[in-house]
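Take a look at the structure set out below.
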Amino acid sequence: MDGILISWLGVIVITALSATLFLIYREIWATKKLNYPKLTARRSRCSSPTCVRCDNMDYNLILAKLRQFIKLTQSQQALEALYQVLDDVANNNGEMGNNPLTSNMQCPTSLYLPYIVTQPWYTPTTDWPLMEDIQVLQDNYHQIKIEYERARSSQQGWRQNTEDQGSWSLFYLYNQGKKIIENCNVCPFTTSLIDYQLAHFMRGNAFGNACFSIITPSTRIRPHYGPCNYRIRCHLCLQTVPECSLKVGHETRHWLDGQCLLFDDSYQHSVRHDGNDQDRAILLIDLWHYQLSPAERQALNFII
């Protein structure tokens, strides 16, 4: 009888121990899922061989360029946080183990700065740091739309993104930081706004783009991630339909003609156009995150 009791007690102890170990393992796994993934791992790739977002970055080279920039500008103190991030990434083979993300919906594919406060969506207010740029775009909506229609009618200078369903076309004024002169000549007014009135446009940076973007009815843009968390992507809506939507993280929003949507595209985002009678057209502008200092912006332009 005593032997049976001891056996049952052993079973109970082993079962309890197994359950405890399972809970501990589950907590560790949940924590790991929030840790920053390997920056060299790509969850989505486009078909362009020159895409910076999809290219494997040499973090040792980037760190060396940052050291060179610091030496040239004597800006060690101003760039201490950025240096620590890149030093961590370069010394850990493209992985940041010490900087967990706040959301498992966020996965920048190239560079993550953990000291910047980010969120999937931004709703600008009158005192928001980027509001002047937003106001410039919205105030000039009608003239920008005229130039969009001119570019659309020319049918030249457009690039096609490959999607599983539908059609997604882009007319770049700036592509990965480089000015596309031929396209800018078609849209001189919009180009002038970008060059001289948008203080936060990411000019000169490989992650900075400005373009007209069109998706046709029935298009699905599959979930994907942007390259970094230090840019805020702005969509000035030129035309849309109620059945067209943008999902960022867990929240879905809709475009409104003449209004800007702002979001962090390092969060998972996707688009669907369920209408059947009109394209959705926007002017896409990449803006610097407002928490970056002028020194950090200059350094990022130098190294990327």
* Asked: Once the piece of chain linking S192 and L170 is laid out straight, how much longer is it, given 0.36 nm per residue of separation minus the C-alpha distance between them?
  -> 6.0 nm
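From the Cα gyration tensor of region 183-304, with a ≥ b ≥ c the square roots of its eigenvalues, which class applies: rounded if a/c is under 1.5, or else prolate if a/b is larger than b/c, or else oblate?
Details: a/c = 2.34, a/b = 1.45, b/c = 1.61.
Note, shape of region 183-304 comes out oblate.
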* To do: Note down the relative contact order for region 129-281 as a percent, whole number, built from C-alpha pairs under 8 angstrom at least six residues apart.
  => 25 percent
* Asked: Cα-Cα pairs above 20 Å in region 74-184: how many percent?
  -> 68 percent
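With an 8 Å cut-off on Cα pairs and a minimum separation of 6 or more residues, tell me the relative contact order of region 182-269 in percent.
Details: 87 pairs, mean separation 23.9, N = 88.
RCO, region 182-269: 27 percent.
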* Note down the nm distance, to one decimal, between modelled labels 7 Å out along Cα→Cβ at N185 and at T216. => 2.8 nm
* Structure fact -> Applied in sequence order to region 84-90, the curve 6.51 cos²θ - 1.76 cosθ + 1.60 (Karplus, θ = phi - 60°) yields integer Hz couplings, x standing for Gly and Pro, of 4, 5, 5, 5, 4, 5, 5
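Since every read-out is calculated from the coordinates, none of them should be taken as a lab result. It should be emphasised that the depicted structure is a prediction, and the values quoted were computed from it without experimental measurement. Here Cβ is always computed from backbone atoms with ideal geometry, including for glycine, and neighbour counts include all displayed protein chains.
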